[in-house]
Amino acid sequence: MACGGCAAPPLTREVVISKDAAAPIGPYSQAIKANGLVFFSGQSGGTTGSIEEQTARALDSLKAIAQAAGLSMSDIVSTTVYLKDMDDFSRMNAVYAGYFKDKPPARATVQVARLPRDSLIQISAIAAK
């Protein structure tokens, strides 16, 4: 039953920052907490190393930001993985699986033409508590 006179609850919005994650390279936040959800900006794998090393760095950044928001990796409900080369999928997936052992989040993985600073991978996420 709809409530014709009910007002929507006010939006609560808080910036989440972790010193243990890569600093933003532009005008964006590492994550935003909004009404019980946390929206993570894409975390890069850096500019050096293999796809396995870059995947671990991106996921370690997500983990640090999640902890700064009072969450854990098990609170992540969705991720989007951006790969420079889809041929790296199975190697990325092997590292990714180690971070989400039980009840992994929903995920989309896409190949992109280019990532900031020529990283091999970027991962964004949404978490809920």
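The values are calculated or read from the model by the stated rules, or taken from the named source; none is laboratory data. Nothing here was measured: the structure is a model prediction, and the numbers come from that model. Positions of Cβ are backbone-derived with ideal geometry, glycine not excepted, and every protein chain shown enters the neighbour counts.
Quick check on segment 48-68. Is at least one of its residues under 22 Å from Leu120 (Cα atoms), within 13 Å of the chain's Cα centre (by Cα), modelled with pLDDT of 95 or more and among the basic types (Lys, Arg)?
Yes; the residues of segment 48-68 include at least one that is under 22 Å from Leu120 (Cα atoms), within 13 Å of the chain's Cα centre (by Cα), modelled with pLDDT of 95 or more and among the basic types (Lys, Arg).
Residues being of a type in the set (Gly, Ala, Ser) and surrounded by 18 or more Cβ atoms within 10 Å (Cβ to Cβ): count how many of those fall in segment 69-82. Before the answer, list the steps.
The initial filter retains those residues of segment 69-82 that are of a type in the set (Gly, Ala, Ser), namely 69-70, 72, 74, 78.
Still in the running and surrounded by 18 or more Cβ atoms within 10 Å (Cβ to Cβ): 69.
Total satisfying the criteria: 1.
Within the bounds of segment 105-112, is there any residue that is over 28 Å from Leu11 (Cα atoms) and of a type outside the set (A, V, I, L, M)? Full working, then the answer.
Going through segment 105-112, the residues over 28 Å from Leu11 (Cα atoms) turn out to be 109-112.
Imposing the further condition that a residue be of a type outside the set (A, V, I, L, M) reduces the set to 109, 111.
Within segment 105-112 (the criterion being over 28 Å from Leu11 (Cα atoms) and of a type outside the set (A, V, I, L, M)), the answer is yes, since at least one residue qualifies.
Per-residue answers, yes or no, for (1) outside any helix (DSSP H, G or I); (2) over 27 Å from Leu37 (Cβ atoms); (3) out of contact with any Phe, Trp or Tyr (no Cβ under 9 Å at 6 or more places or on another chain); (4) acidic (Asp, Glu):
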site: Val81; (1), (2), (3), (4): yes, no, no, no
site: Asp88; (1), (2), (3), (4): no, yes, yes, yes
site: Gly98; (1), (2), (3), (4): no, no, yes, no
site: Arg114; (1), (2), (3), (4): yes, yes, yes, no
site: Arg117; (1), (2), (3), (4): no, yes, yes, no
site: Ser124; (1), (2), (3), (4): yes, no, no, no
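Among (1) at pLDDT 90 or above; (2) assigned to a loop (DSSP other than H, G, I, E, B), where does Ser41 come up short?
It is condition (2) that Ser41 fails.
Would you point out the residue of segment 21-65, among those that are farther than 24 Å from Val112 by Cβ and in contact (Cβ under 8 Å) with a residue 60 or more places away in the chain, that is surrounded by the fewest Cβ atoms within 10 Å (Cβ to Cβ)?
Per the stated criteria, the residue is Gly36.
Please work out if Thr80 is of a type outside the set (A, V, I, L, M, F, W, C), free of Cβ contacts under 8 Å to residues at least 24 places away in the same chain and within 20 Å of Pro24 (Cβ to Cβ).
On the way: of a type outside the set (A, V, I, L, M, F, W, C): yes; free of Cβ contacts under 8 Å to residues at least 24 places away in the same chain: no; within 20 Å of Pro24 (Cβ to Cβ): yes.
When the stated conditions are applied, Thr80 does not pass them.
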